[in-house]
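Taking it in order: structure first as structure tokens, then the write-up.
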Amino acid sequence: MAERLTPRSVRARTTLAACLSVAVVLAASAAAVVLLLRANLERTVETGAREQAQAVARLAADGRLSSPLPLDHGTDFIQVVDANGRVLAASQNLAGRPAVAPTGHRDGHRTYNVRVLGDEHHQRVATMTAATPTGPVTVHVGASLRTADAAEDVTTAALAVLSTVLLLTVGLLTWRATGRALRPVEAIRAEVAAIGDRELNRRVPEPRSDDEIARLAGTMNAMLERLEAAGARQRRFIADASHELRSPLTVLRTQLEVALGLPDPEVRAEMVAGALEDTERLQRLAADLLLLARLDVAGQDRPQEAVDLAELVRTTVEARGALPCPVTVHAPAGLTVPGNPLWLGRLLTNLLDNAQRHARRGVTVRLGTDRASGQAVLDVANDGPPIGPDDREKIFERFARLDDARSRDDGGAGLGLPIARDIAAVHGGTLTVLDTPGATTFRTRLPAARPN
């Protein structure tokens with residue numbers, strides 16, 4: 001039931017919260033005002049009754065009591081009683097009446113039965129004892145609280161009306177202000193809801209104000225830009241992958257069809273061998289595409305296994321041998337990085353494949369530490385043709401091959417360097433190409449392992 005009665009919209013909840021908060025403050029303030037007013041009026045009435053009792057007590061002490069006793073303004077009755085309970089003097093309205101007696105306590109004051117006056121209302125009775133020539137007497141002076149009651153009622157009614165008007169005003173202003181503040185949010189929501197997977201070029205409206213909603217709209221547009229760019233890269237990647245797969249599949253089918261129609265076993269075996277080579281190329285391409293997908297999914301989950309980078313470099317280089325050109329290694333021991341050894345080995349293998357493909361005489365692998373940042377630095381340099389400044393980022397695009405490496409036999413599928421850069425990124429590092437003297441250097445920076 002509580003969940004059903006709770007407003008569901010932010011506008012309604014904000015208005016309800018504001019009204020409840022203001023209602024609590026108004027109720028507390030009104031109660032404090034009424035209580036202070038009541039206390040002040042009662043104090044004034046009690047003071048007047050006490051002064052009247054003191055005056056009558058002085059008359060009794062001097063033996064000058066008269067009957068009936070005159071009443072001051074705001075005084076209901078006066079009665080003077082001796083020690084035996086006999087009425088010695090009284091005001092006109094209590095003439096011939098018995099002595100008033102206390103019947104209990106209320107609000108810290110004694111209460112008296114004064115129904116003999118014919119009117120029931122709140123009173124304050126001031127009692128005072130005086131010594132007279134005939135003995136001690138007690139003076140009772142009753143003061144009416146009609147004025148205090150009337151003022152309290154009027155004040156309560158006025159505060160109730162004013163509080164209601166103020167509460168309605170606060171609710172109306174909060175409702176309108178919240179609606180105006182949330183109008184841009186609703187526009188953003190409607191625009192985002194209307195954006196489909198093929199309409200990522202659309203943007204949400206950005207308010208002119210420099211507030212949280214404007215920053216939210218800016219963040220949403222930035223996210224849509226990233227989604228649009230990611231979608232464009234994905235479509236381009238799918239198109240490139242389809243193109244790369246189409247050519248070897250076409251060649252493979254042609255080879256198999258020709259092999260089926262050839263009667264010569266030797267020629268047929270040669271055609272089947274070529275088909276096997278194309279099949280291996282397709283297998284490597286599929287493995288690269290799968291690795292790229294795994295790297296994309298890895299995201300921010302960095303591998304944390306301790307990897308001896310120097311040992312990894314030496315093992316990888318020794319397993320490759322000296323063909324097609326020798327590799328010189330400068331790798332001091334003791335450099336460890338957190339990561340995945342298989343992926344880091346693939347990074348180095350791809351860089352060595354690229355370097356040996358373009359090198360003239362040799363490849364150099366150098367491992368070190370950047371003293372400024374504390375990162376591990378892996379350089380793979382070859383003495384082949386330099387890479388132009390405009391192509392240094394293009395070579396890291398998937399399926400990208402420069403003009404001098406277009407050959408499928410020499411240039412590969414164009415996934416080696418993109419895979420290497422993605423592996424470096426997954427490990428929290430970077431991969432860049434530098435134009436060093438006499439060589440082209442691919443530099444990988446990786447965070448070094450923290451010392452225990």
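The values are calculated or read from the model by the stated rules, or taken from the named source; none is laboratory data. For clarity, every value in this text was computed on a predicted model and none was experimentally measured. Positions of Cβ are generated from backbone atoms using ideal geometry, with glycine treated the same way; all protein chains shown enter the neighbour counts.
Look at L260 and say whether it is assigned to a helix (DSSP H, G or I) and either surrounded by 17 or more Cβ atoms within 10 Å (Cβ to Cβ) or within 53 Å of the chain's Cα centre (by Cα) (or both). If you could, list the steps in order and put the result at the bottom.
On the way: assigned to a helix (DSSP H, G or I): yes; either surrounded by 17 or more Cβ atoms within 10 Å (Cβ to Cβ) or within 53 Å of the chain's Cα centre (by Cα) (or both): no.
When the stated conditions are applied, L260 does not pass them.
Any residue at all in the stretch 332-339 that is in contact with a Gly (Cβ under 7 Å, 6 or more places away or on another chain), surrounded by fewer than 19 Cβ atoms within 10 Å (Cβ to Cβ) and over 20 Å from V426 (Cα atoms)? No, there is no match, as no residue in the stretch 332-339 is in contact with a Gly (Cβ under 7 Å, 6 or more places away or on another chain), surrounded by fewer than 19 Cβ atoms within 10 Å (Cβ to Cβ) and over 20 Å from V426 (Cα atoms). The number of residues in the stretch 212-239 that are surrounded by fewer than 11 Cβ atoms within 10 Å (Cβ to Cβ) and within 18 Å of E186 (Cβ to Cβ) comes to 1. Of all residues in the stretch 76-94, those that are in the same structural domain as R64 (by TED's automatic domain parsing) and farther than 16 Å from A60 by Cα have Cβ atoms under 6 Å from Cβ atoms of residues that are surrounded by 18 or more Cβ atoms within 10 Å (Cβ to Cβ) and of a type in the set (G, A, S), 6 or more apart or on another chain, in D76/G142; D76/S144; F77/S91; F77/G142.
Give the stretch 429-452 a look and list any residue that's under 17 Å from P338 (Cα atoms), surrounded by fewer than 17 Cβ atoms within 10 Å (Cβ to Cβ) and modelled with pLDDT under 90, or say none.
So the first thing to find is which residues in the stretch 429-452 are under 17 Å from P338 (Cα atoms), and the list is 429-431, 444-452.
Adding the requirement that they be surrounded by fewer than 17 Cβ atoms within 10 Å (Cβ to Cβ) leaves 430, 447, 450-452.
Result: R450, P451, N452.
Figure legend. Inter-residue proximity from the stretch 220-239: first residues without any contact (Cβ under 8 Å) to a residue 40 or more places away in the chain, second residues surrounded by 12 or more Cβ atoms within 10 Å (Cβ to Cβ) and assigned to a helix (DSSP H, G or I), beta-carbon distance below 8 Å, spacing 6+ or different chains. Indicated pairs: M220/I188; M220/V192.
Being under 44 Å from the mean Cα position of the chain (by Cα) and surrounded by fewer than 18 Cβ atoms within 10 Å (Cβ to Cβ) is a property that holds for G374.
A residue that is farther than 30 Å from L200 by Cα, of a type outside the set (G, A, S) and in contact with a strand residue (DSSP E or B) (Cβ under 6 Å, 6 or more places away or on another chain) occurs nowhere in the stretch 268-275.
In this structure, is N201 over 30 Å from L291 (Cβ atoms), exposed (fewer than 12 other Cβ atoms within 10 Å of the Cβ) and touching a residue at least 12 places away in the same chain (Cβ under 8 Å)? So N201 passes the test.
Restrict the check to the stretch 287-300 and report whether at least one residue is within 30 Å of L260 (Cα to Cα) and in a helix (DSSP H, G or I). Yes, because at least one residue in the stretch 287-300 is within 30 Å of L260 (Cα to Cα) and in a helix (DSSP H, G or I). Among the residues of this structure, R406 counts as one that is outside the structural domain of S247 (by TED's automatic domain parsing), modelled with pLDDT under 85 and either out of contact with any helix residue (DSSP H, G or I) (no Cβ under 7 Å at 6 or more places or on another chain) or closer than 30 Å to A232 by Cα (or both). All of (1) at pLDDT below 80; (2) under 30 Å from L292 (Cβ atoms); (3) not aromatic (F, W, Y) hold for L256 with one exception: (1). Candidates are the residues of the stretch 172-208 that are within 14 Å of A12 (Cβ to Cβ) and of a type in the set (S, T, N, Q); the one that is nearest to the chain's Cα centre (by Cα) is T178.
Comparison of I195, I213 shows that the only residue that is out of contact with any helix residue (DSSP H, G or I) (no Cβ under 6 Å at 6 or more places or on another chain) and of a type in the set (A, V, I, L, M) is I195. Is it the case that some residue within the stretch 264-274 is in contact with a helix residue (DSSP H, G or I) (Cβ under 9 Å, 6 or more places away or on another chain), closer than 26 Å to T349 by Cβ and in contact (Cβ under 8 Å) with a residue 12 or more places away in the chain? Checked against the condition, which is being in contact with a helix residue (DSSP H, G or I) (Cβ under 9 Å, 6 or more places away or on another chain), closer than 26 Å to T349 by Cβ and in contact (Cβ under 8 Å) with a residue 12 or more places away in the chain, the stretch 264-274 yields at least one hit. Is it the case that the stretch 149-171 has a residue that's closer than 30 Å to R58 by Cβ, surrounded by 16 or more Cβ atoms within 10 Å (Cβ to Cβ) and of a type in the set (A, V, I, L, M)? Checked against the condition, which is being closer than 30 Å to R58 by Cβ, surrounded by 16 or more Cβ atoms within 10 Å (Cβ to Cβ) and of a type in the set (A, V, I, L, M), the stretch 149-171 yields no hits at all. Restricting attention to the stretch 307-342, the residues that are over 27 Å from R360 (Cα atoms) and either in contact with a helix residue (DSSP H, G or I) (Cβ under 6 Å, 6 or more places away or on another chain) or of a type in the set (A, V, I, L, M) (or both) add up to 5. Each residue in the stretch 26-67 was checked for being of a type outside the set (S, T, N, Q) and either outside any helix (DSSP H, G or I) or in contact (Cβ under 8 Å) with a residue 12 or more places away in the chain (or both), and 23 pass. It is to be established whether one or more residues within the stretch 59-66 are assigned by TED's automatic domain parsing to the domain that holds T138, out of contact with any strand residue (DSSP E or B) (no Cβ under 7 Å at 6 or more places or on another chain) and crowded, with 17+ Cβ neighbours inside 10 Å. Yes.
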